[in-house]
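I have placed the structure first, in the form of structure tokens, so that the comments after it can refer back to it.
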Amino acid sequence: MKRKLLAQITDAHRDTYRRDGVVLIEGAFEPPWIEFLRVAWERIRRLPPEQTYTLPEAFLAQDPALREEISAIRSEHAASRQLYTEQAEGFVRCKYMRWWAPEFHRFALESPAAEIIGRVIGAREIRFFLDAIFMKEPNCSARTYWHADQPAWPVRGEHVPTMWMPLYPVSARLSSLEYLPGSHKTSDHSWPNTFNAKKIGRPADRSEFFDWETRRSDPDVHFLAFDMQPGDAVILHPAMWHGGGANLHPSQHRVALSTRWFGDDVRWDPRPECINIPGMPMAAMERGRPVTQDEIFPVVWRG
Ligand SMILES: O=C(O)CCC(=O)C(=O)O
């Protein structure tokens, strides 16, 4: 499969990303990549719990918080037969696939994703950070809660974009993720919804994420969603508010791959409420230092 860029990344894409914090790249991936990811997802979502999240033993040994989270995911999976439920029927999540499903490792390292990201955000170098899949079955009314990703990342910097790409068509009206363009320019310190944050409990001086559904009919709030075909991708700034994306389609699954990437300005900022990262326990993050751990966060593209 080709790494060559299919879609030309233009100044219009870069300007939109800078202005809105979110940009749609149409035709970013050729059909064989999409088929490859669909087959990979169908394979892993049927695996028994003990064959999922098979992270390197050393990662679990050095990071008790990660070990605890993986065993919670596994036992939830065993109980529900889902990879990691969102406590809502028909909404399945899965993550860290690069470490235990070779197809996702290959996508991270060999697809044009890193170059697309680098050219949109204007970074000299792009490292792979993390991946996740979000699946909603047909007629699944579970919405993704409104949130920004930044409060969950144990880093600071603007170069931590997400690439969100559906593996089947999504429509703005029925199944696409939604965004609040421009919201990346506001700073938000809401308490994230991570495994660690839930365990600690929200301190009194930190708010919950605001529920933008309550402003749905407010003409001053601009909600944006895209009709997308397989192969299209959206790039999101880490501070961009996003949510929604129930799957009201009567027969089509909504399966989206999110990959997260590091660019040039990223510095470690470990906070106990942040996510666990395979291979990078919080104790090993040196506050204020750049990311240099090539084995864990490989450099995939240089401009
Ligand atoms: O696809 C979804 O429903 C959620 C995606 C998301 O929140 C993310 O990728 O950060």
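Bear in mind that the values in this text are calculations on the coordinates, not laboratory data. It should be emphasised that the depicted structure is a prediction, and the values quoted were computed from it without experimental measurement. Because the Cβ atoms are built from the backbone with ideal geometry, glycine has one as well, and the counts that use them run over all protein chains shown.
Here are a few things to note about the model shown:
- Put in line by how crowded their Cβ is, counting other Cβ atoms within 10 Å and starting with the fewest, T214, T259 read T214, T259.
- Volume of the Cα convex hull of the chain, divided per residue and given in Å³: 130 Å³
- The string of couplings for region 240-257 from the Karplus curve (6.51, -1.76, 1.60, θ = phi - 60°) is 5, 6, 8, x, x, x, 4, 10, 8, 5, x, 9, 9, 5, 10, 10, 10, 9 Hz, one whole number per residue in order, with x for Gly and Pro.
- Estimated distance in nm for a label pair at V299 and V39, the labels positioned 7 Å out from Cα along Cα-to-Cβ: 3.3 nm
- Over region 170-303, the ratio between the Cα radius of gyration and 2.2 N^0.38 Å evaluates to 1.25.
- Per-residue HN-Hα couplings for region 152-157 [Karplus 6.51, -1.76, 1.60; θ = phi - 60°; Hz; x = Gly/Pro]: 8, 8, x, 9, 10, x
- Spin-label pair A58/R124, simplified geometry with 7 Å Cα→Cβ offset, distance in nm: 2.9 nm
- Estimated at 0.36 nm per residue, the fully extended path between A12 and E110 surpasses their Cα-Cα distance by 32.7 nm.
- Note on region 11-289: lysine pairs with Cα distance below 25 Å, sequence gap of 8 or more or different chains, count 4.
- Working from the Cα coordinates of region 1-48, the gyration tensor eigenvalues give, after taking √(5λ), semi-axes of 30, 15, 6 Å in decreasing order.
- L5/D269 FRET efficiency (R0 30 Å; Cβ-Cβ; nearest 0.05): 0.40
- Within the chain, helix-based [θ] at 222 nm, where runs of 4 or more DSSP H residues each add -39,500 (n - 2.57), nearest 500: -7000 deg cm²/dmol
- Protection proxy ranking, peptides 126-132, 98-104, 282-288, 67-73, average beta carbon neighbours within 10 Å, highest first: 126-132, 98-104, 67-73, 282-288
- When its C-alpha radius of gyration is set against 2.2 N^0.38 Å (N residues), region 223-266 gives a value of 1.43.
- Dipole-positive endmost among A123, L167, L180 within region 117-219 (Cβ charges, Cα centre): A123
- Residue order, fewest to most surrounding Cβ atoms within 10 angstrom, among S183, S80: S80, S183
- Mean Kyte hydropathy of -0.5 or more with a Cα span along the axis of at least 18 Å, helices from DSSP in the chain: 31-44, 64-80
- Highest average first, the peptides 141-149, 106-114 ordered by how many other beta carbon atoms sit within 10 Å of their residues are 106-114, 141-149.
- Grouping the Cα pair distances of region 37-136 into 5 Å bins from zero gives a pair-distance distribution of 2, 11, 20, 21, 18, 13, 10, 4, 1 percent in increasing distance order.
- The packing ranking of peptides 218-228, 171-181, highest mean first, is 171-181, 218-228, where packing means the average number of other beta carbon atoms within 10 angstrom of each residue.
- Cleavage-rule hits (trypsin sites (Lys or Arg not before Pro)) in region 215-264: DSSP loop, at most 13 neighbouring Cβ within 10 angstrom: R216
- Summing Cβ point charges (Lys, Arg +1; Asp, Glu -1) relative to the Cα centre of the chain gives a dipole of roughly 260 debye.
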